[in-house]
């Protein structure tokens, strides 16, 4: 199988056949990948319901991208770092971030690692894998991944750093500076461009005039490869090759995973306003989860009953996480003022004391009924 | 003790930090072999090797973005931005990322880094080698902003900044790089951040200033003394987080205040000092707070000496405030 910048690598055929390809994964590992994909889909569906019923403010649909997320994540060790985009639920779930931890973030409650300071989906985890705090500006994390990788390289560690972003992210300043620095420094980074066809409402042809995104690596002296992003084995294979090369000191790789976002950009977005209906039809037939199920069934690891049982179990797990997270109250008022600096400076402390005093004298502030993005 | 220029004190500070802490790295454009366009990093690559002091591609966004990643992963990066005027491609990395990382991750990730950059006028640098952009950054919670004005403070504040757990923007007044000399202790000493320095004792008027405006103000204060105005000069040293209590104490004690900075006036740092005094010390004030600042224009080249506050303008302000 030749890896190129123009012909996407595919391993799992739409009918689930793999033409004798050996994924070199145990039954438990294969089912773990499958379960992670199910978790993403269940998490997605429940968050959509929570948002539509006004119980959380916002979510990011992941449906259709699961094979890219899980395939790429499966190539990493727990000691590696992920600099995720906001559409990477599967990377966290694959590596065992508890759904409850993620739900705490969706509700912005007192148990949320980010203490309710960020919008939902802006996760931050240091365990069981470094899943670096997500910010909303696009592409800023790409050079950061390179810097973190450079630190590891200077210490002689063999940690690999995966930076994930979308097709729109390739137009950002951070994409250029990140890939350029990584090329010069031969940093142990895997750049994963999840080309899902749309940057909110802008199609790829309005994003770039180049022949795809993988070829952009060439200008930075970085090998580029394009892969069928709805094919778990293909994504895993190219990512693993990139990870092995990075770990051995061979430098970075740019992977373009061609996939499709079956939902909106966010719960505030209606993709039917701009995505031609035939695109949904086209990609629905290439659903990554269904394709992997066909493979597992053909391999004798899954049947309809087992699949149904697993799906129910996963949905129950996510639903329980949502129920539990919803019971947790909001973060304490002091969290508005802490963590700005390692120590709270006097002027911020005074502002906090002023707010606490106001609350004692005039009662608490009332949450507005504002909904993102209005 | 050695008698060093401010530039040599910076070099000494970097050298001391690199010697004491192997996680300290120095990098930026032309900082390696060349030692920086002002030679602040001279011989650091020679003495500490190219893994500790190295050149980067010409990309401020990349320099600061990578510095954040390094800081997240256990290093103490000291990044140089060649001129503060060129920092704006990195504005997003500084303001959206470094300054907010601790807060947005609930303390799980932090960015203890220092961004050193020459700033201010006085070298005939025109619009793009002269600006004083401190106000943009002082509006950013999570960031620290430091400006030394003496060789002693330059080294001590730099060592404190490098040891600090939070991101620090270290603005080096380039007009003072070679024009001031002073005694600089050997070894590692720190001037605590967020502390003021009384550069001149006085009882009648307090001037708050920083960076290259400190010697300008001291000269004006000497001239004012000849006409009987006893001026206290306070070097703010750290603009964010500011020692507000200290500022208020000095303001209350003289009841007359002038603020001097090179940057444009509108929404400049002087406005913050003035508002602070208006809010918390108005009953002590004998005169309005007067600001002496750069003009609300871009920074001119040929006529820069007219743009920059000089001892004449400070003296005018001192007399106005003293005789109000």
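The listed residues are A:66, A:27, and the only one of them that is over 18 Å from the mean Cα position of the chain (by Cα), modelled with pLDDT of 95 or more and under 24 Å from residue A:243 (Cβ atoms) turns out to be A:27. Any residue at all in the stretch B:155-167 that is part of a loop (DSSP other than H, G, I, E, B), within 9 Å of chain A (Cβ to nearest Cβ) and either surrounded by fewer than 22 Cβ atoms within 10 Å (Cβ to Cβ) or out of contact with any helix residue (DSSP H, G or I) (no Cβ under 9 Å at 6 or more places or on another chain) (or both)? Yes: the stretch B:155-167 contains one or more residues that are part of a loop (DSSP other than H, G, I, E, B), within 9 Å of chain A (Cβ to nearest Cβ) and either surrounded by fewer than 22 Cβ atoms within 10 Å (Cβ to Cβ) or out of contact with any helix residue (DSSP H, G or I) (no Cβ under 9 Å at 6 or more places or on another chain) (or both).
Strands (runs of 3 or more DSSP E) fully within the stretch B:1-78 that include at least 3 residues being over 20 Å from residue B:153 (Cα atoms), at pLDDT 95 or above and touching a helix residue (DSSP H, G or I) at 6+ places or on another chain (Cβ under 8 Å): B:24-28.
Yes/no per residue for (1) buried (at least 16 other Cβ atoms within 10 Å of the Cβ); (2) touching a helix residue (DSSP H, G or I) at 6+ places or on another chain (Cβ under 7 Å); (3) assigned to a helix (DSSP H, G or I):
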| site | (1), (2), (3) |
| --- | --- |
| A:306 | no, no, yes |
| A:312 | no, no, yes |
| A:315 | yes, yes, yes |
| A:326 | no, yes, yes |
| A:341 | yes, no, no |
| A:358 | no, no, yes |
| A:361 | no, no, yes |
| A:364 | no, no, no |
| A:368 | no, no, no |
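Of all residue pairs spaced 6 or more apart or on separate chains, those with beta-carbon atoms under 8 Å, a first member in the stretch B:90-117 that is without any contact (Cβ under 8 Å) to a residue 40 or more places away in the chain and more than 9 Å from every other protein chain (Cβ to nearest Cβ) and a second member that is assigned to a strand (DSSP E or B) and buried (at least 24 other Cβ atoms within 10 Å of the Cβ) are B:90/B:115.
Among all residues of the stretch A:58-69, there is at least one that is over 29 Å from residue A:371 (Cα atoms), in contact (Cβ under 8 Å) with a residue 12 or more places away in the chain, in contact with a strand residue (DSSP E or B) (Cβ under 6 Å, 6 or more places away or on another chain) and not in a strand (DSSP E or B). Count of the stretch B:41-63 residues, restricted to those that are within 25 Å of the chain's Cα centre (by Cα) and at the interface with another protein chain (Cβ under 8 Å from one of its Cβ atoms), is 4. For the stretch B:124-132, the condition holds for no residue, the condition being that it is in contact (Cβ under 8 Å) with a residue 24 or more places away in the chain and within 10 Å of chain A (Cβ to nearest Cβ). Within the stretch A:137-148, residues that are at the interface with another protein chain (Cβ under 7 Å from one of its Cβ atoms) and part of a loop (DSSP other than H, G, I, E, B) sit with their Cβ atoms under 9 Å from residues that are modelled with pLDDT of 95 or more and surrounded by fewer than 24 Cβ atoms within 10 Å (Cβ to Cβ), at 6+ positions apart or across chains, in these pairs: A:137/A:172; A:137/B:92; A:137/B:96; A:140/A:172; A:140/A:173; A:140/B:92; A:140/B:96. Considering B:38, B:91, the condition of being surrounded by fewer than 19 Cβ atoms within 10 Å (Cβ to Cβ) and in the same structural domain as residue B:158 (by TED's automatic domain parsing) is satisfied by B:91 alone. Each residue in the stretch A:175-192 was checked for being touching a strand residue (DSSP E or B) at 6+ places or on another chain (Cβ under 8 Å) and free of Cβ contacts under 8 Å to residues at least 60 places away in the same chain, and 2 of them qualify. Taken over the stretch A:118-136, residues that are surrounded by 20 or more Cβ atoms within 10 Å (Cβ to Cβ), touching a residue at least 40 places away in the same chain (Cβ under 8 Å), at the interface with chain B (Cβ under 9 Å from one of its Cβ atoms) and assigned to a loop (DSSP other than H, G, I, E, B) amount to 2. Count of the stretch A:177-188 residues, restricted to those that are touching a helix residue (DSSP H, G or I) at 6+ places or on another chain (Cβ under 8 Å) and facing another protein chain (nearest Cβ under 8 Å), is 4.
The residues of the stretch B:61-82 that are without any contact (Cβ under 8 Å) to a residue 60 or more places away in the chain and surrounded by fewer than 23 Cβ atoms within 10 Å (Cβ to Cβ), listed by number, are B:74, B:82.
The values are calculated or read from the model by the stated rules, or taken from the named source; none is laboratory data. Fair warning: this is a prediction, and the values are worked out from it, not measured in the lab. Glycine gets a Cβ as well: all are built from the backbone with ideal geometry, and neighbour counts include every protein chain shown.
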